[in-house]
């Protein structure tokens, strides 16, 4: 006895419809994120913040956070467990006046833009001071330099956003010459206004 044509059609249509449904779901699906954990709170104790701004991670997913009001860097595990902190207000090595941006190189050295001290400071991942250099103007700029965000590429070049002069500055390491060491040399800078088209 032959099966009804309608039954055959249903059996053929079902797998086709299922494939179409899965295909369309894949096209229109979007990534979604949910809160897994949070930590901090207002205060000056370990693990607390007043004005946290910059954040970065090292190769072990430890988290480093700048706090411009407390002039310090705090280090946490990726689960939010407090590890250490360093820094205080001042102009000496390891001191800050509004630490803003923060970045880490491939050796897990930590770079911090010390905004109102017009410099970048470099530390070990444990907060031990390594070196620093001043952010200076070049190319005829008259505005006072103000380092904000920064990043380090895979070759160790350091890129700094200078908000006051609307420039990106690129720095590279220099060699020690006799008794004088220039830690980082300005290689180039790009001014935003010179490379952006504006419309009225």
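Coordinate-derived values only; no laboratory data. The model shown is predicted, which means the values in this text are computed figures rather than measured ones. Don't worry about glycine lacking a Cβ; one is built from the backbone with ideal geometry, like all the others, and counts go over all protein chains shown.
Projecting label points 7 angstrom from Cα along Cα→Cβ for residue 33 and residue 106 puts them 2.7 nm apart.
Just to verify a number: FRET efficiency for residue 134 and residue 57, C-beta to C-beta distance, R0 = 41 Å, to 0.05? Write down the numbers at each step before the final one.
Details: r = 27 Å, r/R0 = 0.67.
E between residue 134 and residue 57, to the nearest 0.05, is 0.90.
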